[in-house]
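What follows is one structure encoded as structure tokens, with my remarks underneath.
What follows is calculated from the coordinates using simple rules that are stated; it is not laboratory data. Quick caveat: nothing in here was measured; it's all calculated off a predicted structure. Heads up, the Cβs are rebuilt from the backbone with ideal geometry, glycines too, and the neighbour counts pull from every protein chain shown.
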Amino acid sequence: MEIKRWYIVNRYFWVAIAILIIFITGSCSFMAMKQHEKEERIMMVEVLPSRYDKGLNELKKMNYEEAAQQFLAFKTDGKNKVISDFINNSYPNGKFLYDYSHAKNYDRKSDFSMVKSYLKTIPDTYSGEFADDIAKMKKVDWSKKESDRLNNKKEMAQALADNQGINIGANKRSVINEWGNPTKINKTETVNGVREQWVYDKGYVYFTNGEVDAIQN
């Protein structure tokens, strides 16, 4: 009888432990769910409205990098369904203003290929904030502007090289014949090959894979 009583007590003990574990696990899951819901509410009620207003203000002040940082919150990639649905319903223009901010920033930097890339993601039917400027920018031939920029850069580099007695595309031996040995050589590994900067008292000569591609006084 003692053995049987011990067995029954022992069995109920472990059942109680199992129930306690289930209760604690359920409580933790419930608390985590409530915390997650609280964070979602804060995001929708406080964070996103504030970010949108700040983004618009930065655009008006032509602080395009800062504006892009604010509108990044309206890109729905990686966000849960609740937040994504809220953004799409309440701030559908946010993701387009993010692209517009980047387009304006790259236009300022004269990187016209990137301008074209960001404007391409904004639909022609867009009618939100800054719609007039966006429509105007979308009419520009950014591919031609980028081609003209690169050609102008190449012509300027060639003109400078001609004045210095060095041609774009010249090899290292030709440069040494004209300018002598450099005082210092800086090398950088890039996806396009080896980039070298030869330092002289009167300027710099830049090589990519052994050929001159730029000269700087």
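List of remarks:
- Point-charge dipole on Cβ atoms (K/R +1, D/E -1) for region 39-140, about Cα centre, debye to 20: 300 debye
- Span from the region 58-80 Cα centroid across to the region 134-150 one, whole angstrom: 23 Å
- Length gained when the stretch E178-E155 is fully extended (0.36 nm per residue, less Cα-Cα span): 6.2 nm
- Counting Lys and Arg as +1 and Asp and Glu as -1 over every other residue whose Cβ lies under 15 Å from the Cβ of K104, the net charge comes to 0.
- Using the Karplus relation 6.51 cos²θ - 1.76 cosθ + 1.60 with θ = phi - 60°, the per-residue 3J(HN,Hα) values for region 118-126 come to 6, 5, 4, 7, 8, x, 5, 8, 4 Hz, with x marking Gly and Pro.
- Cleavage-rule hits, trypsin sites (Lys or Arg not before Pro), region 127-187, DSSP coil, Cβ neighbours within 10 Å at most 13: K139
- Using the Cβ-Cβ distance between S50 and S110 with R0 set to 45 Å, the FRET efficiency from 1/(1 + (r/R0)^6) comes to roughly 0.85.
- Restriction of the trypsin sites (Lys or Arg not before Pro) in region 49-98 to DSSP coil positions whose beta-carbon has at most 10 other beta-carbons within 10 angstrom yields K61.
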